[in-house]
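S.K.: Below is one structure. I have some questions about it.
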Amino acid sequence: MRRNVGIGAVNKKRLAREKLAQKGTEIAEIQVQQVSQQMEVFKQSLEEFATKYRTEIKKNPEFRARFQVMCAKIGVDPLASSKGFWAQLLGVGDFYYELGVQIVEVCLATRPTNGGIITMSDLCSLLGRSSGKTRKDIQPDDIIRAIGKLSVLGDGFKVVKVGKDTLIQSVPGELSMDHTTALEVAGRNSGRLQVDSLEKLGWTSLRVESSLDTLLDQGMLWVDEVDKSYWVPAFFHA
Amino acid sequence: MDRWIWATKDVKAAEEDRGSVPSVRLYDGEDKTDFDQGHLTFSTHRLKWSDGSKSIELPLKFITNVSVVGAKFTKSAKLILTLSPCTHSREPGPFSQSNVDYVKLSFVKGGHLRAHGLLQGCLEEKRWEKGIIAVQNKPSLLMGGGLVRIEQQLESSRIEADRSINSAFKDIDALMDKAKDMVTLADRIAAKLSDVKTEGDETVELKSALLSIGISNPVTRETHGSGTAYHKSLGSELANMLQEPLRECGGVMSVSEVYCRYNRARGIELISPEDVVNACKTLTPEHHGMELKKFSSGVLVIEGDNFQSIMDNLLATVIANGYVNALALSSIMSIPLMLAKERLAAAEQHGIVCRDETDDGIFFYENRFISV
């Protein structure tokens, strides 16, 4: 008599599987309940926290930065949804979304001049000027986070490191290594791009021409027709 | 009593006398000492006892606790000072050693409560630890006192600010600890959800809950980023708001501009860029008269009207002008340069216009090849 074969065994196995599946859903249900409960509890702590620190978030950049770092550590994005806990109770959202609006406006306004790239320092100072006293304490960290959120709008908002400068790009398209090198060279020279500096790097004339053409097309590079010199307005200091 | 030392004449940095009480007797533990009927002076750094012929002092740093014993019928009121163990390197004092670690101050003529207040104040201040530089000359103590007080205030407000930042950070940490458990649990469930094929009510609830905590799970994004009732109603609101401006902009507006306009109009409780994009995804030409379009470069726009009519318009403009470049088109049609570029690129992809790349820029002509 062999065990575990035959109709009986098959039925038993099927029953066992069903029972396990049932148990599985039960456990899942319990877990869902647990999470909901935990969320309620957490919501209360967050409310307490919020009453104390709601204004602090707006006023204190150190506090904001620390808060963001801690959120990132536990894998939470407080700016993900404007209907989320964080935005509703703490008002974190408002700060960064408003900053986002201002960044878009500043970038749009300066695009005709700089072709869609602007240095972090210029952006900071223009933002500080645009909305008066409450904005004096905007830090690069705040801007970087706001831009992280703006990138979803599809207009190509991103932060680009060019040498020791940080640039904010507000037009779509990727800047290749060559382009960023050319921009860096210009940045070191107060915005003037000396072609022979690129040639000194070992670039062929074709390579130089191609990079310059793309940058000119984008509007990030301007050429002075009189003496055929190249300039990057983004690096002009106000 | 062995912590008491013979009084020194020097004044410590930033030391101030706070007050004094007459007729005090010192006890070594329970034993009376010879230090009777003396004047007890409380300064910020030490306790000084003097009866005219003898003067001794006790640095406040030795005092660990102060307790009050009220007056009884035959006994006067006392303050009991518990002292920390003696450090070996100390200046000479009246008692070389003592069996007990507390002394008593007996207030024969009263004043023990005032003394208690003064002493507590000095102990809390702990000025001997701070080492603030102050004016040393006794005669100008009045002016020195004023400056010192200002410095004190600055120092204490700086310490207060430090303390409050530190407590703020501690609060953040505490909050995050609470969030962590919740997040790990939610994450685990989210991972399981991706396996579950059936969409029950709880999963729907859970997914939107996850999103509200801020867990960016790809699962939640796809199904519940754009489909929720919230985004649908937001979409309708946007559509209403955009009818007029869209017409003014030539029927096309970038999503960034939508984001700015809407939040500026809203003023408070702004919405995130993601929510704007997700709301735009719910727009349909049938219901809202506009829809979201994505160009190959990644640019997102809201397009009103029919695509075909836009293209016809474009072609008519090109023919009327012979040729256009993006800049010319943007000024003729009153649309942003970016959009002019994109429209020309889209028209080119549909074979309506052809490009001519020259040194002066890129120009677009009517595509005559198709009519050949």
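Bear in mind these aren't lab numbers, they're just calculated from the coordinates by the rules spelled out. This structure is a prediction, so every number in the text was calculated from the model and none was measured. Glycine gets a Cβ as well: all are built from the backbone with ideal geometry, and neighbour counts include every protein chain shown.
S.K.: For A:Leu206, what is the net charge nearby, where nearby means another residue's Cβ is under 14 Å from its Cβ and Lys, Arg count +1, Asp, Glu -1?
M.R.: Taking every Cβ under 14 Å from that of A:Leu206, the sum is -3.
S.K.: Could you tell me the calculated FRET efficiency between B:Asp177 and A:Ile27, based on Cβ-Cβ distance and R0 = 25 angstrom, to the nearest 0.05?
M.R.: 0.45
S.K.: For B:Thr64, what residues show an amide H to amide H distance below 5 Å, using hydrogens built from the backbone and excluding near sequence neighbours?
M.R.: B:Thr82, B:Leu83, B:Ser84
S.K.: What average number of partner chain Cβ atoms lie no more than 10 Å from the Cβ of the residues making up B:169-182?
M.R.: Rounded to a whole number, the mean comes out at 6.
S.K.: A further question on this structure: What order do you get for B:Lys170, B:Lys48 when you list them from fewest to most C-beta neighbours inside 10 Å?
M.R.: B:Lys170, B:Lys48
S.K.: Determine the shielding of peptide A:39-49 by partner chains: average, over its residues, the number of Cβ atoms on other chains within 10 angstrom of each Cβ.
M.R.: Rounded to a whole number, the mean comes out at 4.
S.K.: Report, as an integer, the average count of C-beta atoms from other chains found within 10 Å of each Cβ along A:29-36.
M.R.: Across the residues of A:29-36, the mean count of other-chain Cβ atoms within 10 Å is 5.
S.K.: Listing A:Arg3, A:Arg111 from the residue with the fewest other Cβ atoms within 10 Å to the one with the most, what is the order?
M.R.: By the 10 Å Cβ count, ascending, the order reads A:Arg3, A:Arg111.
S.K.: Taking other Cβ within 10 Å of each residue's Cβ, how do A:Glu199, B:Glu366 sort, fewest first?
M.R.: Taking fewest neighbouring Cβ atoms as first place, the list is A:Glu199, B:Glu366.
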